[in-house]
Every structure is written in structure tokens, then in C-alpha cells.
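Comments concern the structure below.
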There are 2 protein chains.
Amino acid sequence: MKVVVLAGGVGGAKLADGIARILPPEDVTIIVNTGDDFEHAGLTICPDLDTVMYRLAGVANDETGWGRTGETWRTISEVTALGGPDWFRLGDLDLATHLTRTHLLKQGETLTAVTHHLCAQLGIDVTVLPMSNQPAPTQIQSGDTVYPFQTWFVQERWQPPVKEVVLPEDVRATQAVIRAFETADLVFIAPSNPFVSIDPILNVYPIRALMMDLPQAIIAVSPIVGGQAVKGPAAKMMQELGLPPTSRTIADYYNELIDGFVYDVQDAGSCDDLGIETRCLNTMMHNEADRIRLAKEVMQFAEALLTLN
Amino acid sequence: MKVVVLAGGVGGAKLADGIARILPPEDVTIIVNTGDDFEHAGLTICPDLDTVMYRLAGVANDETGWGRTGETWRTISEVTALGGPDWFRLGDLDLATHLTRTHLLKQGETLTAVTHHLCAQLGIDVTVLPMSNQPAPTQIQSGDTVYPFQTWFVQERWQPPVKEVVLPEDVRATQAVIRAFETADLVFIAPSNPFVSIDPILNVYPIRALMMDLPQAIIAVSPIVGGQAVKGPAAKMMQELGLPPTSRTIADYYNELIDGFVYDVQDAGSCDDLGIETRCLNTMMHNEADRIRLAKEVMQFAEALLTLN
């Protein structure tokens, strides 16, 4: 069974890792948000791709949720001493990824090819695809200010209230991404932020249309648990956008796209009457065992759902 | 007395440091070759500026002659692991300079302003000026191949024989550089490689013409000692260019530009009949005391020469 996972940062990377650990590698494709990629001090930085790669490679930092385990901070400390740009915390190991990626991009390679190279070097055997080879910058409008995503997310610590998430026009998916959808038996929307992790992927032409047309099952896993985002600004953004921060809101938001919805046991009973199949599970992934468990449970749900269809 | 020093890499940085340590900071301007600057993995790297800055800041690596003391190599080791570009050995501390510089350049600052910023952060109180704010890439022709300078110098370890040093056209000096020459009482050509450190500076319009017109004394210090370059490819290049690798050749090479010439005691007697004033000194600078001693001696020579004129 060919599985595609749409993933943003931390939560998406965790579910992707669980799926990668229970299925044959050739059956798993992770399509990753690149809307929060940015140029920083000359380097091309792809935070979600890195989070997914580091998690799949087993080198993710479990404490921070981003970056690498065993990371050190010698360079960025010296950047501070030199009055340089230190708001984005570049770790010494992490920097190697950015340098290698930037070098290969400058050599004319596509982001897809570069990601393939980095995954191979990191020993990752599933397929990780950026949603597009084109820049596709997400912006955050707050009041009259439009922030580049990382400025809002990291430099401003996602504090400026969100009026609108501004996504770019005319971004196209790669052939590899389109082929992954066309051959998928199952698509998971990982428990990532719907506005700034998943929407940027759906916004890439023709991904939303492909997903609408897919005969196969699409299952979303809620990133909201007990009215809170497990990590990051999802719940805060929902309130600012006038949406109740609940799993039910997430299900409604994906409504026409999805065939199944997974939400947390803390919200038991809240999504009983959605009109689609649901499964109430423990969606918290504190460690590898949790990731594998949840992956198995969502796969069981998916298989049941495919049998129904 | 206002002093300008033209400097390339290691040897130039050492004499510049000696001069900086014996004169009031407001009287010293170091004009640095930027012909071997290059873009690498997205970063703008200025090897000679860095060598001069690190030396003046007291953080130069005395063992290697380049880079910083106490340097570590965590990032570049990981770049190797990721199959990235590791032929240029980026140290963890050194990377902070490149990131800060690249960031400020991308913000629209000039290389002159960026250098001023970095010098201030490093506690350097003399003036360090890049020869130009424009890119001015030196290239090395070897047979039919034209190498970017750092490719030849670092990646190829300066082994391909030099047929010609190719300097760019239409590079202009900054106003700060022109003003430094116009107000100088004395110009030193540091013991740097004449072909790839000093010529690239002289090639920047209108530096050569300004120096020809200068009423003030210009004194060169030979980088060749006992038929060898103290460091780097100068002697090898001279042989490949059909020039005897001697101090005398250096004096002849600078001939019309200079009023005085300093060469090493190992070559005593070899430059007696040049038709300009010469001084035979111990030019080897192994440590700070040597740098200060040589600086004092060349200043005494300069003062004698200015009295003569």
C-alpha cells in the first residue's frame, strides 16, 4: 500500500517517522511544506524539511522539537559577538545542512534533488519531497504589517496576532509530487498546523485538485488536543482567525478533502457526528514507541476505511 | 604621520599588525586585497580581509597562518558527512564572520561598511579598508584552464603552473581608499605576493595612478627571503612566470612605483645597486615582538627616506 504523508514541522515529522518505521520504505513518500523556507545570511534554510529529515534520520532533538540532537552553538555565539544576525538559532551541525543545501542549489540542482542527496547522506530510505522546487513563501499579515513567515514565527515568537495567512500564487508542484499522489493508496494529513503547514502544500497547484479527485482515502490527524496545539501557534491562530480551537474545527476545516479524521482521546465525543469516519486515539507522541503505536493505529483505521469504501 | 599599508594575506597582515602596534590608530589605514574573495555555499568569503582582521584583533591562528586561534571544525566535519563542499576549511568561529558579513551585504551595506562593523566588533582601532566595494575576482590561467583564485589556491593547492594572473577590468577604488592615499605621508607595500595580493590592489582604478603621482614615499618589503616565499606560492609563481625568485626581482617588479625597498638579511648584498634607497633587515616575523621590531625598523627607514626627499 503506497502512502503519502503531508507534513509540516514537528508533529508532521513525528507521524511521518512512525509511518516510515512500520511500512516498507519504497511505499512511503513524505511531502513537506516549504512555505517557511527562507534566505538567511546567504543560506537557504528549509525548516520543515530539516525537521522531517532529522526525525527520520534519528538525529532530531527531542527536547527542542527542532534541530539536531547533540547540537552545539559555537558559530552562533560568535555571530552574536560580531553583532550579526542571531535571532535564528543556527546550530553547528544544522549549519552543515544549510551550507550543503545552499551549495548544491547554487550549483543548479533542484530542491528535490538536494533533498534526495541529503536524505541519502543521512541514511533515510523513505522518499522525502519538497512540495515544490519553486520558492513559495508564506507570509503572515498582522494588522497592516505583512511578515515573512520566519520573522513572525521565530523573530517575533508568533506573538503578532494573525489577521491572514498570505500564500503565494502560481506555485507548481514537482512531477515527483504529482506522481506520488497519482500512485497513492492513502494520504495522511499529519498533525501539523493547518494554516501554515498544510495549507501551503494544498495551495501548490495542482495538489488540492489532485486530492479532491483522488479515489483513495485521505485521513487527517488533528494537531489540536484539549483545545491546545501540541506545539506551536495553531490554537492561538485559530482564536485570532475567529475559529474555536478544537479538533472539530480542524475536521470542518479539511471537510471536503478528507474521508477520515483522527483526534485525541482528550477530545472524546467531540467529533462523533461529522458525517465522515473518525477514530479517537491517543495522538500524543512523546517517544519512538508512541510514534510507532499511533502510526499502526492510523494505518488500521485507514485499512478499515479502505475496506468500507 | 599618516601611513597606508597595502596588504594581502599572511605576511601583509603581520606587517600591518606591527605598524598598528607602534603608531596612533588614527594614523594607520590598511588597504586590503579583495581579489581572492569568493562566493561559497551562499557565503561571501574575504580571505585576506579576514586574515588582516584576525591578526589585528589578536585572534589569528599562529600555527596555520590563516583562520582563528582556538578554532574548531564541527560544522565542516558534518559538511563532509553530508557530502557537501568541504575543500575550503570553514572553521566554526570563522563561519560567524562569513555569516555576519553576508547578512550585512544582503541588507545592502557596502563591503567597506561591513568591514568597519566587523573591525569595531573585533576591537580593531586602525582603519581597515577593502580595496573596492565591487567584486574584483582574480583568476589564474594555467595552460588553457582559467581557475577562480580560491579554486587554484586552496582546492588545487596552488599546484597548476601559472601562465598568467588575470585581473578584472573596470574595478574602482572606494572614496575611502582614494582619500587614504591622498592624505598619506607614507605607503608601505607589505611583504605579500606581488602578483595575487598587491597587483590586484594596484589594478583597481585609480590606485596605480594615485601611487605614481604621490609625492610621498612608497616603500616595499620583499616577500621573498633566500629565494623562497616565506609562505605561499610567490616563489613558485615567479619561476613559472620566468622570473628569478629573488628579492631583486621583487624590487625590479615594483620599480617605478617605489622610493625605498626593504629586503631580508639572508639576501644581503643582492639589492645594493637598485638606484633607490634600500634597507637590509631581518624581515622574518615569527611573533609579536618580531612584528613590532620590523615595523619600527621600516618606519625608521621611511623617516630617513622622507628626510632625504
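Quick notes on this one:
- Which numbered condition A:Thr80 fails, given (1) surrounded by fewer than 18 Cβ atoms within 10 Å (Cβ to Cβ); (2) within 24 Å of A:Ala136 (Cα to Cα); (3) more than 8 Å from chain B (Cβ to nearest Cβ): (2)
- Scanning the stretch B:274-298 for residues that are among the hydrophobic types (A, V, I, L, M, F, W, C), closer than 15 Å to B:Ser222 by Cα and touching a residue at least 24 places away in the same chain (Cβ under 8 Å) yields a count of 7.
- First in the stretch B:156-175 and among the small types (Gly, Ala, Ser) and modelled with pLDDT of 95 or more, second anywhere and surrounded by 13 or more Cβ atoms within 10 Å (Cβ to Cβ) and assigned to a loop (DSSP other than H, G, I, E, B), Cβ under 8 Å, 6 or more apart: B:Ala173/B:Met131; B:Ala173/B:Ser132; B:Ala173/B:Val204; B:Ala173/B:Pro206
- Output for the stretch B:102-115, where each listed residue is within 11 Å of chain A (Cβ to nearest Cβ) and in contact with a strand residue (DSSP E or B) (Cβ under 6 Å, 6 or more places away or on another chain): B:Thr102, B:Leu105
- Selected residue (only one of B:Leu118, B:Leu49, B:Leu95, B:Leu56 is at the interface with chain A (Cβ under 10 Å from one of its Cβ atoms), crowded, with 19+ Cβ neighbours inside 10 Å and within 18 Å of the chain's Cα centre (by Cα)): B:Leu118
- Qualifying residue in the stretch A:235-244 (condition: free of Cβ contacts under 8 Å to residues at least 60 places away in the same chain, under 24 Å from A:Gln139 (Cα atoms) and buried (at least 20 other Cβ atoms within 10 Å of the Cβ)): yes
- Any hit, the stretch B:127-149, residues being out of contact with any Ser or Thr (no Cβ under 7 Å at 6 or more places or on another chain), within 14 Å of another protein chain (Cβ to nearest Cβ) and crowded, with 19+ Cβ neighbours inside 10 Å: no
- Scanning the stretch A:83-92 for residues that are surrounded by fewer than 22 Cβ atoms within 10 Å (Cβ to Cβ) and facing another protein chain (nearest Cβ under 7 Å) turns up A:Gly83, A:Pro85.
- Residue match in the stretch A:268-284 (condition: assigned to a helix (DSSP H, G or I) and either polar (S, T, N, Q) or closer than 25 Å to A:Ala60 by Cβ (or both)): no
- Exactly one residue out of B:Asp252, B:Asp213 is under 23 Å from B:Glu303 (Cβ atoms), surrounded by fewer than 19 Cβ atoms within 10 Å (Cβ to Cβ) and without any contact (Cβ under 8 Å) to a residue 40 or more places away in the chain, and it is B:Asp213.
- Test set (1) among the polar types (S, T, N, Q); (2) without any contact (Cβ under 8 Å) to a residue 60 or more places away in the chain; (3) at the interface with chain B (Cβ under 9 Å from one of its Cβ atoms) - A:Thr69 fails condition number: (3)
- Filter result for B:Pro233 (farther than 30 Å from B:Met1 by Cβ, of a type outside the set (D, E, K, R) and at pLDDT below 95): yes
- Those residues of the stretch B:261-309 which are of a type in the set (Lys, Arg) and surrounded by fewer than 18 Cβ atoms within 10 Å (Cβ to Cβ), in sequence order: B:Arg293, B:Lys296
The values are calculated or read from the model by the stated rules, or taken from the named source; none is laboratory data. Please read all numbers here as calculations on a predicted model, not as lab measurements. As a convention, Cβ positions derive from the backbone with ideal geometry for all residues, glycine included, and neighbour counts pool all protein chains shown.
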